[in-house]
Amino acid sequence: MDVNMTYTTQEIWTWWLAIYLYFGGLGAATLAVTFLTDMYLKPDRGLVIWGAGAGVVLLALGSLMLFGHLLDKFAVINVLNPLVLFHKPDAWIAWGTQFIIWMMVWGILYALPYVRETDFPRKVPFIRGLIDQPFVIGIAHLVKRFRRAVGWLAVVNGVGVAVYTGLLLQSFPAVPLWHNPAVPLLFTISAFSTAMAFLLVVMYTLMHDQAHEHVRVLYERIDLVLIAAELVVLFSLYQYLKNGSESAVRSLELLWNDYGWVVGFIGFGLIAPFFLELKGVIQGWRSRVPILTASVLVLIGGYLLRHYFMYAGVYAYPW
């Protein structure tokens with residue numbers, strides 16, 4: 001018996017989930033890169049405070065975006081309970097929630113000793129009273145003693161959050177654009193690329209110390225490699241969708257016939273910053289404008305990737 005199929009784009013997970021995935025990946029990767037830099041490249045109080053502060057805020061904002069769209073707000077209790085992972089190990093939102101919570105906990109703890117050494121927090125009465133509590137002082141000393149252990153706990157959870165953002169989409173077999181092996185890899189690469197771009201913006205605008213020069217150069221080179229890897233994964237995804245199901249082909253047509261995807265994301269979000277950063281890596285910078293431009297474009301491109309992935313999610317149903 002012939003079955004007629006209807007192909008349509010899903011309209012439930014849209015821009016709000018794109019923001020959640022974007023903030024989650026960017027915040028977690030920013031924390032991970034910041035702590036790895038502090039542990040193995042150059043101990044840097046300013047970078048840790050800016051990176052940890054921004055990372056925790058981004059994770060919190062992304063989580064609030066998801067919470068705000070829950071139909072049943074009390075259902076969040078189920079994903080906050082870590083025991084649910086033993087009963088339903090394929091519950092990716094539960095995994096992501098645990099990764100985000102512990103990422104924020106370890107991130108705050110790692111930054112705590114640096115915060116206590118900084119003058120600005122002491123100008124805020126509430127924070128001053130909090131960080132001078134004997135219990136907090138004891139925790140700060142303990143974190144100093146086991147700094148790398150705390151840092152690695154944060155890094156592991158940060159990588160977990162970045163990977164989870166792709167695994168969450170991959171867990172939906174009804175949408176071929178999402179349900180393929182390239183998505184977790186693509187979203188993880190994008191998360192760390194946008195984190196490098198974000199930290200470059202911070203270092204070029206807020207931290208002018210020349211001692212950061214070798215760190216900035218390293219970030220630029222790593223981001224250049226990550227953008228190249230992202231383009232390779234996108235090309236592989238294009239081939240995968242082109243030879244996939246009818247739903248996959250429909251998603252491919254939506255993406256590659258949309259100027260926002262082709263020009264906005266591929267052109268200005270990937271190719272333009274790639275050549276800008278390549279020029280800087282080869283010839284160096286005479287001013288900071290090109291690298292700041294490239295970094296901002298990468299950050300915009302990171303959101304556009306997730307935005308268009310949500311809107312091009314095509315599924316089929318019979319009628």
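Of all residues in segment 155-203, exactly one satisfies the criterion of being free of Cβ contacts under 8 Å to residues at least 12 places away in the same chain and over 28 Å from residue 315 (Cα atoms), namely 156. For segment 240-256, the tally of residues that are charged (D, E, K, R) and under 16 Å from residue 181 (Cα atoms) stands at 1.
For residue 206, state whether it is within 21 Å of residue 304 (Cβ to Cβ) and in contact with a helix residue (DSSP H, G or I) (Cβ under 8 Å, 6 or more places away or on another chain). Spelling it out, it is not the case that residue 206 is within 21 Å of residue 304 (Cβ to Cβ) and in contact with a helix residue (DSSP H, G or I) (Cβ under 8 Å, 6 or more places away or on another chain).
Scanning segment 99-145 for residues that are surrounded by 13 or more Cβ atoms within 10 Å (Cβ to Cβ), out of contact with any Lys or Arg (no Cβ under 9 Å at 6 or more places or on another chain) and among the aromatic types (Phe, Trp, Tyr) turns up 99, 102, 106. Exactly one residue out of 158, 138 is part of a helix (DSSP H, G or I) and either more than 22 Å from the chain's Cα centre (by Cα) or modelled with pLDDT under 90 (or both), and it is 138.
So, in segment 13-26, of the ones that are hydrophobic (A, V, I, L, M, F, W, C), in contact (Cβ under 8 Å) with a residue 60 or more places away in the chain and in a helix (DSSP H, G or I), which residue ends up surrounded by the fewest Cβ atoms within 10 Å (Cβ to Cβ)? Can you show your working first?
At the first step, the residues of segment 13-26 found to be hydrophobic (A, V, I, L, M, F, W, C) are 13, 15-19, 21, 23, 26.
With the extra rule that they be in contact (Cβ under 8 Å) with a residue 60 or more places away in the chain, the set shrinks to 13, 15, 17-19, 21, 26.
Going one step further and asking which of them are in a helix (DSSP H, G or I), we end up with 15, 17-19, 21, 26.
Values: 15: 13, 17: 21, 18: 20, 19: 18, 21: 30, 26: 29.
Looking at the filtered set, the residue picked out is 15.
Residues of segment 283-292 include at least one that is among the hydroxyl-bearing types (Ser, Thr, Tyr) and either touching an Asp or Glu at 6+ places or on another chain (Cβ under 8 Å) or closer than 26 Å to residue 207 by Cβ (or both). Would you check if residue 289 is without any contact (Cβ under 8 Å) to a residue 24 or more places away in the chain and β-branched (Val, Ile, Thr)? Yes. The single condition from (1) in a helix (DSSP H, G or I); (2) out of contact with any helix residue (DSSP H, G or I) (no Cβ under 6 Å at 6 or more places or on another chain) that residue 244 fails is (1).
Quick grid of which residues meet (1) assigned to a helix (DSSP H, G or I); (2) under 25 Å from residue 198 (Cβ atoms); (3) without any contact (Cβ under 8 Å) to a residue 40 or more places away in the chain:
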residue	(1), (2), (3)
222	yes, yes, yes
227	yes, yes, no
233	yes, yes, no
236	yes, no, no
239	yes, no, yes
248	yes, no, no
260	yes, yes, no
263	yes, yes, yes
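Here segment 161-176 is the region considered, the condition is being under 11 Å from the mean Cα position of the chain (by Cα) and small (Gly, Ala, Ser), and the residue that is nearest to residue 245 (Cα to Cα) is 166.
For segment 269-276, the count of residues that are touching a residue at least 40 places away in the same chain (Cβ under 8 Å), surrounded by fewer than 17 Cβ atoms within 10 Å (Cβ to Cβ) and either of a type in the set (Phe, Trp, Tyr) or under 25 Å from residue 58 (Cα atoms) (or both) is zero.
Considering only residues in segment 177-212 that are assigned to a helix (DSSP H, G or I) and either touching a strand residue (DSSP E or B) at 6+ places or on another chain (Cβ under 9 Å) or aromatic (Phe, Trp, Tyr) (or both), the one that is surrounded by the fewest Cβ atoms within 10 Å (Cβ to Cβ) turns out to be 204.
The values are calculated or read from the model by the stated rules, or taken from the named source; none is laboratory data. Source: prediction; values computed, not measured. In this analysis, Cβ positions are derived from the backbone assuming ideal geometry, glycine residues included, and neighbour counts consider all displayed protein chains.
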